[in-house]
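The values are calculated or read from the model by the stated rules, or taken from the named source; none is laboratory data. The model shown is predicted, which means the values in this text are computed figures rather than measured ones. Cβ coordinates were reconstructed from backbone atoms using ideal geometry, including for glycine residues, and neighbour counts include every protein chain displayed. Note: accessible area is taken over every heavy atom of the protein model, side chains too, but ligands, DNA and RNA are not part of it. Shrake-Rupley method; radii C 1.70, N 1.55, O 1.52, S 1.80 Å.
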Amino acid sequence: MSDSLTLRLARPEEAERVIGFINENFDWKLPLVNLPEYFNFYYRSGDALQYALAEENGELLAVAGYIRANESPTPDIWVSVWVAKKGHNGVGLDLMNALPELTGASVVACNNIRPKTMAFYRFLGWHADRVPHFYRLSGQENYSLARVKDSTVLPVGGDLTLERVSSPEQLAELGLPETPHTPKKDLWYLTRRYFAFPHLTYDVYCARENGVTLACLVARVADSGCGKVLRIVDFIGRNETLPRLGKAIDGLLHAAGAEYAECYCAGIPSEVFAAAGFCERGEDSENILPNYLTPPLFENTEYYYFTNDPDQFVLFKADGDQDRPNLTVD
């Protein structure tokens with residue numbers, strides 16, 4: 001790293017400079033950067049602009065935008081956009097490597113990276129891998145959306161019920177569950193991500209026992225016009241609680257009239273999902289569970305991720321800047 005290179009957090013008034021740099025140095029105009037509603041949602045928190053910068057003699061050479069998982073002064077973060085000026089990929093790596101110190105984050109991660117970039121993160125000594133995909137078929141005779149060769153529906157049990165949470169105030173009253181998982185998510189994050197997210201509606205549920213909240217589960221029903229999907233996009237709790245919710249999740253699947261429930265999740269073992277009634281879709285699976293629904297694209301979608309700290313790390317579909325409407329920039 002050059003002695004003249006400066007790595008720092010962006011100042012609030014540098015938003016237009018950051019946007020201009022990304023548009024000049026990225027392959028296309030990123031909607032989350034160029035649509036003000038989403039830029040402000042993802043990259044602003046109060047007066048703070050959630051970008052880290054690398055500059056040399058006043059010239060920007062790389063930027064990294066990040067999303068906070070909680071409201072603490074040193075929150076775990078998801079990297080959302082990372083752009084380096086052509087010929088300065090090494091500076092981009094320096095900036096990425098400096099993110100934990102610059103932000104105070106113990107856990108730095110990213111959801112939906114390009115497969116070919118996994119080598120960069122492994123070079124830093126970080127963990128990069130494919131996100132496993134789990135699903136539960138509804139068991140109907142014919143499917144319109146899913147392409148089913150293997151119709152296995154695993155047995156399911158579970159003694160816990162799911163209670164719908166209608167507001168952040170109710171969630172605060174119920175309390176958040178204990179969990180060893182990282183990134184650490186707090187009430188501020190859950191309120192912002194699931195109750196105040198633009199243009200998508202989520203169903204937030206809690207599972208309780210003896211007055212204690214054991215888990216929060218977040219889902220939404222996606223309708224392709226030729227079949228529905230129950231998407232489980234977040235789970236907060238201990239691994240051993242998930243199988244106890246199997247019967248309740250199966251009830252949500254059938255109540256929604258969905259063809260299948262699905263969950264992209266890294267960090268929770270496949271045997272835990274199997275105990276909750278979910279099969280794992282491998283990369284060579286004959287079953288097709290479309291990810292893009294408007295219109296349906298009849299192929300499986302793979303996601304990849306990285307984290308600087310894989311111990312207790314868990315990632316779900318809605319983490320970072322994922323699970324959002326398909327956006328375009330005019």
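Of note:
- Only listed residue being in contact with a Leu (Cβ under 9 Å, 6 or more places away or on another chain), over 28 Å from F195 (Cα atoms), basic (K, R) and modelled with pLDDT of 95 or more, chosen from R122, R136, R147: R147
- Single condition P310 does not satisfy, out of (1) at positive phi; (2) of a type outside the set (S, T, Y); (3) open to solvent by 50 Å² or more (accessible area, probe 1.4 Å); (4) within 19 Å of the chain's Cα centre (by Cα): (1)
- In summary, strands (runs of 3 or more DSSP E) completely within region 214-330 and bearing 2 or more residues that are of a type in the set (A, V, I, L, M, F, W, C), in contact (Cβ under 8 Å) with a residue 40 or more places away in the chain and over 21 Å from R147 (Cα atoms) occur at 228-237, 260-266.
- Selected residue (criterion: farthest from P310 (Cα to Cα)) from residues of region 77-91 that are of a type in the set (G, A, S) and modelled with pLDDT under 95: G87
- Filtered residues of region 57-76 (kept if in contact with a Ser or Thr (Cβ under 9 Å, 6 or more places away or on another chain), at pLDDT 95 or above and under 20 Å from E14 (Cα atoms)): A64, G65, Y66, I67, R68
- Contact annotation: residue pairs with Cβ atoms under 7 Å, 6 or more positions apart or on different chains, pairing a residue in region 33-44 that is over 14 Å from L327 (Cα atoms) with a partner that is among the aromatic types (F, W, Y), are Y43/Y51.
- Hits in region 119-134 - residues which are within 17 Å of the chain's Cα centre (by Cα) and either open to solvent by less than 60 Å² (accessible area, probe 1.4 Å) or of a type in the set (D, E, K, R) (or both): A128, D129, R130, V131, P132, H133, F134
- When residues of region 87-96 are limited to those that are crowded, with 18+ Cβ neighbours inside 10 Å and in a helix (DSSP H, G or I), the one nearest to the chain's Cα centre (by Cα): M96
- Residue count for region 226-247 satisfying the condition of being open to solvent by 40 Å² or more (accessible area, probe 1.4 Å) and touching a strand residue (DSSP E or B) at 6+ places or on another chain (Cβ under 8 Å): 4.
- Scanning region 105-149 for residues that are under 19 Å from A258 (Cβ atoms) and either free of Cβ contacts under 8 Å to residues at least 12 places away in the same chain or of a type outside the set (D, E, K, R) (or both) yields a count of 14.
- Of the residues making up region 170-200, just one is in a helix (DSSP H, G or I), open to solvent by 20 Å² or more (accessible area, probe 1.4 Å) and among the hydroxyl-bearing types (S, T, Y), namely T191.
- Test: residue in region 150-164 that is surrounded by fewer than 17 Cβ atoms within 10 Å (Cβ to Cβ) and within 22 Å of the chain's Cα centre (by Cα): yes
- Unique match (being crowded, with 20+ Cβ neighbours inside 10 Å, more than 30 Å from L245 (Cβ to Cβ) and in contact with a Gly (Cβ under 9 Å, 6 or more places away or on another chain)) among A84, A146, A109: A84
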